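To keep things clear, I will list the structure first and then write my remarks on it.
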Amino acid sequence: MDGNLYTIALLLLFVAVFGAVEAIYLWWHSAQGPEKRRMDRRLRMISAGGAVGSAEMSVLKRRLTSNGPALERLMAALPRLATLDRFLVQSGTDWTLPNFFLYSASFAAVGLFGTLLSGRPMFIAALVALACGVLPTLYLVNRRQNRLRNFERLLPEALDLIGRSLRAGHALPSALQMAGNEMPDPVGEEFRQTFDEINFGISAQDALQNLARRVPSTDLGFFVIAVLIQRESGGDLSEILANISAIIRERLKLFGKVRALSAEGRFSGVVLIMLPFATASLLYLIDPEFMSLLWTDPTGLAFLKGGVVFMVVGAFWMSRIVKIRV
């Protein structure tokens, strides 16, 4: 009898554990599964495009900021919410607005309290916290630049593919679908999103304008304007796309030459910016007491503040010098 009860207890325990594991898996799949991530990504890209009504945009904003009531109220009160969300979408990351603010605040807090615990004054701790707090933003800026650069590099091939599809007799939405399926990301992802918007009932004009808003590229703007004009006035769109593709390739070659010619100036700027930090670190290793006067003495703090201001101005000026617009 005791053996039967023991067997039943084990069976019930197995059923309970299996049910708990299954419930956890279903919860994770509904909250963090690939379908959920894909749907959230599509909603964010539609929101970044901007061609939706006010009611739909309100729903999208609630969807994007639904990590908690207090956080939702905070996000709704922030200005330029759509601009910041569009920046996150353009960087190609899965971060949401709450993730971005959480990472920035966490890095800033670590820098602030870590510097204070090491015995440094509040001014130095504030500078370190500010520098650490902008690290997620710098990461996103770098990702956005790389993504846009890859998009512009792959765009001529995508335009050639669309032009060949049009010459083969396909309609523009079908050509966009083929480009989205055949081309690698980020070009494929953006064209797939454009085709989905057209397939879901958005007009081709609005879908293409959404594409231009999501990807702030001059070359892509040429493509969108050419398609919109051709739809109004007619003409051979495949030939137009071939000409645009050739122009983009020539522009990329010119950009490469300019970047190679300005490489020396950019390297000199990086060296001049890093030289004061390297010199200060070396002096601190040689004589910490002498170097500590820079942030313990009032005169040293004044020089430090002035040096930071002049370094920021110099870095901005050097970046403007080596940035050649073509």
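Throughout, read-outs are computed from the coordinates displayed, never taken from laboratory work. Everything numeric here is computed off the predicted structure, so don't read it as measured data. Here Cβ is always computed from backbone atoms with ideal geometry, including for glycine, and neighbour counts include all displayed protein chains.
Which of rounded, prolate or oblate describes the range 191-258 when judged by the alpha-carbon gyration tensor and an a/c cut-off of 1.5? The shape class here is oblate. Between residue 141 and residue 167, the simple label model (points 7 Å from Cα in the Cβ direction) yields a spacing of 4.3 nm.
Taking a ≥ b ≥ c as the square roots of the Cα gyration tensor eigenvalues, with a/c under 1.5 meaning rounded and otherwise prolate when a/b beats b/c, else oblate, which class fits the range 112-257?
Prolate.
Residue 177: net charge of surrounding residues, Cβ under 10 Å, Lys/Arg +1, Asp/Glu -1, itself excluded?
Around residue 177, the surrounding residues sum to -1.
Given +1 at the Cβ of Lys and Arg, -1 at the Cβ of Asp and Glu and no other charges, the dipole of the range 150-195 around its Cα centre is 220 debye to the nearest 20. Can you figure out the FRET efficiency of residue 94 with residue 182, using R₀ = 25 Å and their beta-carbon distance, to the nearest 0.05? In this case the efficiency is close to 0.55. Compared with the direct C-alpha span, the chain from residue 83 to residue 102 gains 5.0 nm at full extension, assuming 0.36 nm per residue.
Highest mean first, how do 95-103, 233-241 rank when packing is the count of other Cβ atoms within 10 Å averaged over residues?
95-103, 233-241
Charged neighbours of residue 221, selected by a Cβ distance under 13 Å, balance to +1 (K, R count +1; D, E count -1).
Can you tell me how the range 101-168 classifies by the Cα gyration tensor, rounded, prolate or oblate, using a/c under 1.5 as the rounded cut? Please report the intermediate quantities before stating the final value.
Working: a/c = 8.24, a/b = 5.22, b/c = 1.58.
Judged from the Cα gyration tensor, the range 101-168 comes out prolate (a/c at least 1.5, a/b above b/c).
About the centre of its Cα atoms, the range 92-193 shows a dipole size close to 260 debye [charges on the beta carbon of Lys, Arg (+1) and Asp, Glu (-1) only; nearest 20 debye]. Extending 7 Å from the Cα toward the beta-carbon at both residue 280 and residue 258 defines two label points whose distance is 3.4 nm.
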